[in-house]
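Below: the structure, in structure tokens.
The values are calculated or read from the model by the stated rules, or taken from the named source; none is laboratory data. Predicted model only: the values in this text are computed from it and were never measured. Using ideal geometry, Cβ is built from the backbone for each residue, glycine included, and neighbour counts are taken over all protein chains shown.
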């Protein structure tokens with residue numbers, strides 16, 4: 001079953017869920033019973049107050065909302081009043097554009113903030129980072145992982161092409177699964193603009209610490225001065 005969802009649809013569902021005081025997962029599951037997966041912008045645009053009420057009061061019902069709340073939620077599902085400023089714009093990028101770069105995922109719940117926990121964040125902001133530049137190349141909703149038997153594995157799968165993960169927190173079992181996927185998790189407890197953390201990573205790329213050198217697939221600078229001894233021994 002195709003459960004993929006675009007970032008625009010995920011944003012609409014997230015804002016409507018806030019209006020109804022439920023979680024995005026609860027609203028997604030309720031809507032899926034009436035609109036079928038995947039939940040596209042076109043399907044959300046066809047939603048009505050009656051459909052939304054029936055979804056929320058069905059077998060998997062989550063609450064009985066006030067009519068005015070339902071109306072506002074439907075408007076949000078339609079995309080009314082939602083501006084592009086809610087989520088950051090992606091930077092143009094094609095594979096191979098930035099030689100020597102690495103890919104970083106940041107757990108996020110709002111805008112371009114690094115403010116999410118691995119197991120509960122709404123999305124991952126994905127950056128391509130080189131010593132010369134950084135680009136926001138993708139925004140990936142975590143809604144697709146909510147029905148998975150192992151949510152930690154499913155969330156890891158979303159960012160499987162990344163080498164580094166920035167989160168506010170991550171549990172031990174989840175961290176183990178992330179590491180097993182060759183992704184290096186880094187805890188940044190204080191929430192803030194994702195780009196500020198990405199800038200700090202970028203400044204380390206020219207003279208990376210050992211852990212980052214391993215991620216980049218290069219020899220740690222601290223060991224370079226010993227490399228000629230190895231060459232002499234081999235000779």
Which residue is modelled with the lowest pLDDT, if the candidates are limited to the range 58-74 and must be buried (at least 16 other Cβ atoms within 10 Å of the Cβ) and under 27 Å from the mean Cα position of the chain (by Cα)? 62
Flag for residue 173 being surrounded by fewer than 18 Cβ atoms within 10 Å (Cβ to Cβ), over 15 Å from the mean Cα position of the chain (by Cα) and without any contact (Cβ under 8 Å) to a residue 24 or more places away in the chain: yes
Specify which of the listed residues (112, 149, 95) is closer than 26 Å to residue 208 by Cβ and free of Cβ contacts under 8 Å to residues at least 12 places away in the same chain. 95
Could we say that residue 39 is at pLDDT 85 or above, outside the structural domain of residue 126 (by TED's automatic domain parsing), crowded, with 19+ Cβ neighbours inside 10 Å and in a loop (DSSP other than H, G, I, E, B) here? yes
Flagged in the range 100-113 as at pLDDT 90 or above and either over 21 Å from residue 183 (Cβ atoms) or under 10 Å from the mean Cα position of the chain (by Cα) (or both), in numbering order, are 105, 106, 107, 108
Tell me which residues, restricted to the range 75-95, are assigned to a helix (DSSP H, G or I) and at pLDDT below 85. 84, 85, 86
Of these, 164, 186, 178, 215, which one is touching a strand residue (DSSP E or B) at 6+ places or on another chain (Cβ under 6 Å), modelled with pLDDT under 95 and either outside the structural domain of residue 121 (by TED's automatic domain parsing) or surrounded by 12 or more Cβ atoms within 10 Å (Cβ to Cβ) (or both)? 215
Could you check, for the range 144-162, whether at least one of its residues is assigned to a strand (DSSP E or B) and under 17 Å from residue 6 (Cα atoms)? no
Can you report the number of residues in the range 97-112 which are in a loop (DSSP other than H, G, I, E, B) and in contact with a helix residue (DSSP H, G or I) (Cβ under 6 Å, 6 or more places away or on another chain)? 1
Go through (1) assigned to a strand (DSSP E or B); (2) free of Cβ contacts under 8 Å to residues at least 40 places away in the same chain for residue 125 and report which single condition fails. (2)
